[in-house]
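See below for the structure under consideration.
Values in this text are rule-based calculations from the coordinates and carry no lab data. Computed from a prediction, not measured in an experiment: that's the story for all the values here. Here Cβ is always computed from backbone atoms with ideal geometry, including for glycine, and neighbour counts include all displayed protein chains.
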Amino acid sequence: MLELDRRGIPAIAVFSEEFESGVVAWRNLHGFDAGAVYVRHPIQPLTDDEVNERADAVFDTIIAGITAPGD
């Protein structure tokens, strides 16, 4: 994410909500507020349809994050 930001490429990282505290810790350590979207946990045991439902639930947020005007 840092390299993408340095290159001016919009990006949103997608994480399972289980890892939110780790993402926040990483942000604090590096002083970089990377865009992140969290999906309900767990992911691994889901069917394709269930994964698609979770993806659909965050799709608009991801698109908004990568198409928002830069600072």
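For every other residue with a beta carbon closer than 12 angstrom to the beta carbon of Ser16, add +1 if it is Lys or Arg and -1 if Asp or Glu, then tell me the sum. Present the calculation step by step, with values, prior to reporting the outcome.
Working: positive: Arg40, Arg54; negative: Glu17, Glu18, Glu20.
Charge balance in the 12 Å sphere: -1.
Output the 0 to 90 degree angle, nearest 10, between the alpha-carbon long axis of helix 48-67 and the longest principal axis computed from the alpha carbons of the chain.
Helix 48-67 sits at roughly 20 degrees to that axis.
How high is the relative contact order of the chain, given as a whole-number percent (alpha carbon pairs under 8 Å, six or more residues apart)?
36
Label-point separation (nm) for Thr47 and Phe32, each offset 7 Å from Cα along Cα-to-Cβ?
Those two pseudo-labels are separated by 3.9 nm.
Tabulate in residue order the Karplus-calculated ³J(HN,Hα) for region 14-26, using 6.51 cos²θ - 1.76 cosθ + 1.60 with θ = phi - 60°, rounded to whole Hz; enter x for Gly and Pro.
Listing the rounded values in order: 10, 10, 5, 4, 4, 9, 4, 5, x, 5, 4, 4, 4 Hz.
Out of residues 5 or more away from Ser16 or on other chains, whose amide H comes under 5 Å of its own, with H placed 1.01 Å from N in the peptide plane?
Result for Ser16 returns Val39.
Taking 4 °C and 1.567 mPa s as the conditions, I'd like the Stokes-Einstein D for the chain in µm²/s, using the Kirkwood hydrodynamic radius from alpha carbon pairs.
Values: Rh = 13.3 Å.
Translational diffusion coefficient: 97 µm²/s.
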